[in-house]
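Step one of this worksheet: look at the structure below.
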Amino acid sequence: MEHIDVAVIGGGQSGLATAHALLRRGLRPVVLEASGRAAGSWPRYYDSLTLFSPARYSSLPGMPFPGADRDRYPHRDEVVAYLTAYADRLDAEIRTGCRVTAVRRTGDVFEVELEGGGRLSTRAVVAASGTFGRPHRPALPGLEAFAGQVLHAADYRGPAPFTGHRVVMVGAGNSAVQIAAELATTNRVTLATRRPVKFAAQRLLGRDLHFWLARTGLDIAPFGRLLSRPPAQPVLDDGRYRAALAASRPERRAMFTGADGSKLVWPDGEREEADTIVLATGYRPDLPYLAGLDGALDAEGDPRHREGIATGVPGLAFVGLEWQRSLSSNSLRGVGRDAGRVARRLAVQLALR
């Protein structure tokens, strides 16, 4: 069996930032990425996606986001190119097409099992596989009885397949509003939410919101340790989405109360035909390979940790969790800080063995 220093599971922004931080601590990570390239989930996000943070606030440690206009909002494909370039410059071994199926512990070492039967032995494991592989599909009234198409926002790429459809988008976050507004240019779309959509101004006093988050320290404040579940965040808006909802493109309604075949039942009793329901209802940590590692996950499959360090499994850590430590923990601008803390603490743990 091959023996390595530290296994980093996931080659997206979290795994790359972790590898960078471990190298600075004198450790030799091996990054295990299930897909064919080190760009994480970014290539699979919807086509029109742009970052909510400007380029100047969207970098991993050691490599600024490229481009002369530091205040622009980079497109999805720019992020993919940036992560690919970052991986190419990183002095770490990155193995693509290498899916981890299980992690087990034997004494002071971990055994990492790979799809196809391969195995690795490692002193430490960092789970940095993100959330995109585990879309959250809440139990909504009547959803199981709905005869139309139901999909998650993770499956959405663009509006073309939905032309002429009556679409109901479920969710009140950034992705829900952004996708619903895009679909509403060619379709009748309803945004179904449990409560009114909350907006936050993209710019304040001539500056992007992220300038103020950084200036005040709110972006890095350790609120994560106080939260049992990540809170709902407002929709960042330059005015276009608030205007779109005000014009009912999309319209916003309270959550449907049931379904009858292809008809949805609204709270006022109206029954309306719908073709497609899109669930923009978020994600949960994608960690199936830790299911057999005693103490790693709770009953809901969420990681047991404190600021990224596993509380019940020495040598195990997490990077890239939403609100792992702060508001910016699972973003390009913030994941490097969390990776640095995790690498420092892992280095101490390993030195004491």
When every residue in region 41-72 that is part of a loop (DSSP other than H, G, I, E, B) and of a type in the set (K, R) is compared, the one surrounded by the fewest Cβ atoms within 10 Å (Cβ to Cβ) is R70
So which of G142, G148 is at pLDDT below 95 and over 27 Å from P285 (Cβ atoms)? G142
Of R76, R89, which residue is basic (K, R) and open to solvent by 80 Å² or more (accessible area, probe 1.4 Å)? R89
Within region 119-133, the count of residues that are open to solvent by 20 Å² or more (accessible area, probe 1.4 Å) and modelled with pLDDT of 95 or more comes to 3
Exactly one condition in (1) surrounded by fewer than 17 Cβ atoms within 10 Å (Cβ to Cβ); (2) at pLDDT below 95; (3) within 26 Å of T122 (Cα to Cα) is not met by R304; state its number. (2)
When (1) open to solvent by 60 Å² or more (accessible area, probe 1.4 Å); (2) within 30 Å of W212 (Cβ to Cβ) are applied to G36, the one that fails is (2)
Could you please tell me which pairs satisfy a Cβ distance under 6 Å, a separation of 6+ or placement on different chains, a first residue in region 297-318 that is farther than 16 Å from L226 by Cα, and a second residue that is assigned to a loop (DSSP other than H, G, I, E, B) and open to solvent by 40 Å² or more (accessible area, probe 1.4 Å)? D298/R304; G312/R304
Residues within region 21-43 that are touching a helix residue (DSSP H, G or I) at 6+ places or on another chain (Cβ under 8 Å) and under 15 Å from Y82 (Cα atoms), tallied: 6
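Rundown of residues vs (1) over 23 Å from L114 (Cα atoms); (2) crowded, with 19+ Cβ neighbours inside 10 Å, yes/no style:
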| site | (1), (2) |
| --- | --- |
| A280 | yes, yes |
| P288 | no, no |
| A296 | no, yes |
| A299 | yes, no |
A154 vs. criteria of a type in the set (G, A, S) and open to solvent by 60 Å² or more (accessible area, probe 1.4 Å): no
List, please: which pairs have Cβ atoms under 8 Å, are six or more places apart or on different chains, and start with a residue in region 269-282 that is farther than 27 Å from Q233 by Cβ and end with one that is exposed (fewer than 14 other Cβ atoms within 10 Å of the Cβ)? R271/D260
Could you list, in sequence order, all residues of region 307-330 that are farther than 18 Å from G130 by Cβ and either surrounded by 23 or more Cβ atoms within 10 Å (Cβ to Cβ) or small (G, A, S) (or both)? G312, G315
Search region 196-221 for residues that are over 19 Å from P74 (Cα atoms) and in contact (Cβ under 8 Å) with a residue 60 or more places away in the chain and pair each with any residue that is open to solvent by less than 30 Å² (accessible area, probe 1.4 Å) and hydrophobic (A, V, I, L, M, F, W, C) when their beta-carbon atoms are under 7 Å apart and the residues are at least 6 apart or on different chains. D219/L213
Of the conditions (1) part of a loop (DSSP other than H, G, I, E, B); (2) open to solvent by 10 Å² or more (accessible area, probe 1.4 Å); (3) of a type in the set (F, W, Y), the single one that F256 does not satisfy is (2)
Return yes or no: is A139 among the small types (G, A, S), under 22 Å from the mean Cα position of the chain (by Cα), at negative phi and loosely packed, with under 13 Cβ neighbours inside 10 Å? yes
Is one or more of the residues making up region 235-252 part of a loop (DSSP other than H, G, I, E, B), without any contact (Cβ under 8 Å) to a residue 12 or more places away in the chain and within 18 Å of A274 (Cβ to Cβ)? yes
With the structure loaded, tell me whether V189 is farther than 28 Å from P285 by Cα, in contact with a Leu (Cβ under 7 Å, 6 or more places away or on another chain), open to solvent by less than 20 Å² (accessible area, probe 1.4 Å) and not in a loop (DSSP other than H, G, I, E, B) or whether it fails that test. yes
Restricting to region 73-112, what's the tally of residues that are at pLDDT 95 or above and not in a strand (DSSP E or B)? 22
All positions within region 223-247 that are open to solvent by less than 50 Å² (accessible area, probe 1.4 Å) and more than 24 Å from the chain's Cα centre (by Cα): G239, A244, L245
Within region 331-353, of all residues that are in contact with a Pro (Cβ under 9 Å, 6 or more places away or on another chain) and modelled with pLDDT under 95, the one surrounded by the most Cβ atoms within 10 Å (Cβ to Cβ) is Q349
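The values are calculated or read from the model by the stated rules, or taken from the named source; none is laboratory data. It should be emphasised that the depicted structure is a prediction, and the values quoted were computed from it without experimental measurement. Because the Cβ atoms are built from the backbone with ideal geometry, glycine has one as well, and the counts that use them run over all protein chains shown. Accessible surface areas use protein heavy atoms only, side chains included; no ligands, DNA or RNA. Shrake-Rupley method; radii C 1.70, N 1.55, O 1.52, S 1.80 Å.
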